[in-house]
1. Taking the radius of gyration and the Kirkwood hydrodynamic radius from Cα positions alone, what is the Rg/Rh ratio for region 358-506, to two decimal places?
2. Taking +1 at the Cβ of each Lys and Arg and -1 at the Cβ of each Asp and Glu, which of HIS434, HIS373, THR506 sits farthest along the dipole of region 358-506 towards its positive end, judged by Cα position relative to the Cα centre?
3. For a protection proxy built on the mean count of beta-carbon atoms within 10 angstrom, sort 31-37, 329-335, 201-207 highest first, please.
4. Give me the net charge for the shell around ASP208: Cβ to Cβ below 10 angstrom, other residues only, Lys and Arg +1, Asp and Glu -1.
5. Distance from the Cα centre of region 447-510 to that of region 347-364, in angstrom?
6. LYS149: which lysines have alpha carbons under 29 Å from its alpha carbon, excluding same-chain residues fewer than 8 sequence positions away?
7. What nm distance separates the two modelled labels at ARG413 and THR89, each placed 7 Å from Cα along Cα→Cβ?
8. Taking Cα pairs under 8 Å and at least six residues apart, what relative contact order does region 38-115 come out at, in percent?
Amino acid sequence: MSLTFSRRRFLAGSLALTGTCLAGPAWSNTVRPPLPIPPIADGTDGAPLDLTIRTGQWSFKPGVMTPTIGVNQDYLGPTIRTRRNTDLTLNYHNTLTEGVSVHGHGLHVPGDVDGGPQLEMPPGERWQPTLSIVQPAATCWYHSHTHGKTGTQTYRGLAGMIIIDDDDDVSKELPNRYGHDDLPVIIQDRSFDEAGRLIYSLEDAGEDGWFGDTAVINGALSPIAEVPAGKVRLRILNGANARFYILAFADNRTFHKIASDGGLLEAPVPMTTMEMSPGERCEIIVDMTEDTSAELLTFFEDDIDEEGEGSVSGLVNLLTGPGQASAPASLLLNVDRTLVAHTAPVPERLATIERPDPEEIGKTREFVLEMDHGDGDGAHAGHAGGHGAHAGHAAMTMTINGAVMDMAVINERVERGVWERWRVRSDQGAHPFHVHGCSFLVEQMEGAAVTPDQAGWKDTVVLDDDDWSEFIVRFDHLASEDYPYMYHCHILEHEDQGMMGQFTVTDRTG
Ligand code: C2O
Ligand code: CU
Ligand code: CU
């Protein structure tokens, strides 16, 4: 199975959803847990935020305790809140018995405070970076970036959201009351053994990475959130290790995407379905003014390929049908009319994105991501097999431009402040390509012109077989040979298996 086919089929089949209502809430007869809202760690006044990385016990399933990792809590961590043009000081303390590095994904900060694998905290140690936040409002996140262990540590819970605020007028016009009309929505998938422990194995991951069989939202199974009868903003993070998600509301309503990875789009984009790859963030506005509830469905994109093939009945079967192999989840927004509502319209203009003139774009770099099955017949061997054929991939190597990640090798050297064009292609399968230290502007995605919902600032872009994805990017901060930036596939198993490279950003000398 390759994600390639599922993605194309969904995109082609998605028209079938238009204008159709899916069945009523699939979980209506189930008691839903409340949506856990991670507490805010407010860094806006510059005081250091204590972030203790520790083991914990978290109840994903009623009555079952699961050993986890969290930051200041049992699973996941607080939402770090910061503000443009302020300094954010983080005081990490690693109380685990293994080394940890924690990366701020989406932050425009220099390499020495970026939290890449070079910045590993040994057990018991602390790391206290000060980050100058100079970028516009955005939803970012932090997660384990420990060499070879990013997948397992993130899976166990070492991740959290970062919200960057801005003082501009548009930000004030958008719903911004955290936990009230501005909700963090972290989508992940996990598998549990009979004792309730998380099941994870890098070695046993399939060629598309590690898929859990159960979706969780902020660590809860199909939770419910009480929301006001007005505009509600969801800051959605695909925090899964490997899985691509398709999001849609059960009543097929239109919502508005207002922001991508790096901040606000130029204008809201109306949508009914949305694909999210691992690592990506999307902010959407849902209008609950006229409703009593709305159910956000989180479909496994690979299931849509195997069972639904993009049809409405297939999608509904995934949620309600007998014998389904996996459990896609949903988030129920339930209106409480006693809550104060944000009723102002969404601004028609959200941001101005300044693009460089074509002649300002200097160098072009090309990157090809490859999966080699190590069985001698090349990277395409996997196409013939089903799931079972891919168990046990100890021999599989994951490369970018033919090289496996090597902490001792700088793969690219970039000049600060100069626009570049990066062209990225996959030799096999779909991969979310992520770059540290920047936001970029996608110009072409999988061989096609970029769509309006992808036309804002991004730090993760999807590539697929054979077609180039292209973006333009400029790095404004320094990353030295000792503390370089990373570019990599955000399927964490691919990253841990070597689909990653390092680059410096320096000023031209002489
Ligand atoms: Cu979200 Cu290098 O990672
Ligand atoms: Cu990153
Ligand atoms: Cu990949």
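1. Working: Rg = 15.8 Å, Rh = 16.0 Å.
Looking at region 358-506, the ratio lands at 0.99.
2. Of the options given, the answer is THR506.
3. 329-335, 201-207, 31-37
4. Cβ neighbours under 10 Å give a net charge of -2.
5. 17 Å
6. Filter leaves LYS61, LYS458.
7. 3.6 nm
8. Reported relative contact order: 34 percent.
None of the figures in this text is laboratory data; all of them are computed from the coordinates on show. Given the structure is predicted, the values throughout are model-derived calculations rather than measurements. Heads up, the Cβs are rebuilt from the backbone with ideal geometry, glycines too, and the neighbour counts pull from every protein chain shown.
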